[in-house]
1. Give the range of the longest stretch in chain B that excludes all trypsin sites (Lys or Arg not before Pro) found in loop regions by DSSP and having at most 15 other beta-carbon atoms within 10 Å.
2. Given the options A:20, A:76, A:100, which has the most mean-square fluctuation in a GNM of chain A, springs set between C-alpha atoms less than 10 angstrom apart?
3. How big is the shadow of the Cα convex hull of the stretch A:39-116, averaged over all directions, in nm²?
4. Give me the extension gain from residue B:54 to residue B:80: residue separation times 0.36 nm, minus the current Cα-Cα distance, reported in nm with one decimal.
Amino acid sequence: DTGVSQDPRHKITKRGQNVTFRCDPISEHNRLYWYRQTLGQGPEFLTYFQNEAQLEKSRLLSDRFSAERPKGSFSTLEIQRTEQGDSAMYLCASSLGSGTLGDTQYFGPGTRLTVL
Amino acid sequence: AQSVAQPEDQVNVAEGNPLTVKCTYSVSGNPYLFWYVQYPNRGLQFLLKYITGDNLVKGSYGFEAEFNKSQTSFHLKKPSALVSDSALYFCAVRGPYNNDMRFGAGTRLTVKP
C-alpha cells in the first residue's frame, strides 16, 4: 500500500521567491488536505479538496498561497513572494471520502520550507 | 468554533507503568475525535478515532481512548508504556459540519527505562 507522498521533502529559498510543493494522495482517496505545522505547534488546516473542487480555505491561506488539484489526483501548493514567516512544515493528508467527515486522514511526510 | 486543548506539554512515565495523555475539546454538534503520533522527522501516524458508538476506542500499538461527552474529553491511555512509545502525540477534533480539523498543540511523551 503506497502512502501519501510529498515532494520535495526539503526546500530552502530566498525571501521573495516562489515555491511549489506537490502531494500525491493514496490512490482512490478523493479528499485531500493541506496543513502547516510550525515548531512546537500542532498542524493548522489550510485547505481541503473533494476531488478537484476546493471546498474550504482557511483564513491562514493568504492571497500569496494557491492550491490546485486539477484532475482530482495529485495536488500542488504554491507560495508566491515567500516571506520568512512562511518557514514551516507543510503537510498533506488524504482520506477516502466516503460518507461522513469522520473518515481517517492519512498524512504524508511533509515538506520542510526554510525561507532565508 | 471548534478547538482542542492538550493541557500537558510533557508527560513522563516509567516503562511498564500506565500512561495517560489528556485531551479536551469544544465543538458544535457531535464530535469526530482523533489521536495521532509523530516521531522525529516523520509524518503524523493515525492511532485511533471516535466517531460514534462505544465510548472506549481501541487503536494501534495497544493504545486506547475514552470519549466522555459530559467532560468533553478524549484521553489517550495505555496500560503498560514502552520506551518506543516516546513521541509527540496530537489530539484532533472535527465537527459534523466542519471541513477543517483542529489539532491540539501536542504532548511530548517520554517513557524512561
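1. By the stated rule (loop sites, at most 15 other Cβ atoms within 10 Å), B:70-113.
2. In this elastic network of chain A, the residue with the biggest mean-square fluctuation among A:20, A:76, A:100 is A:100.
3. Across all orientations, the stretch A:39-116 yields a mean hull projection of 5.9 nm².
4. Net length gain for the segment: 7.1 nm.
None of the figures in this text is laboratory data; all of them are computed from the coordinates on show. On a predicted model such as this, the values are computed, not experimentally measured, just so you know. Glycine gets a Cβ as well: all are built from the backbone with ideal geometry, and neighbour counts include every protein chain shown.
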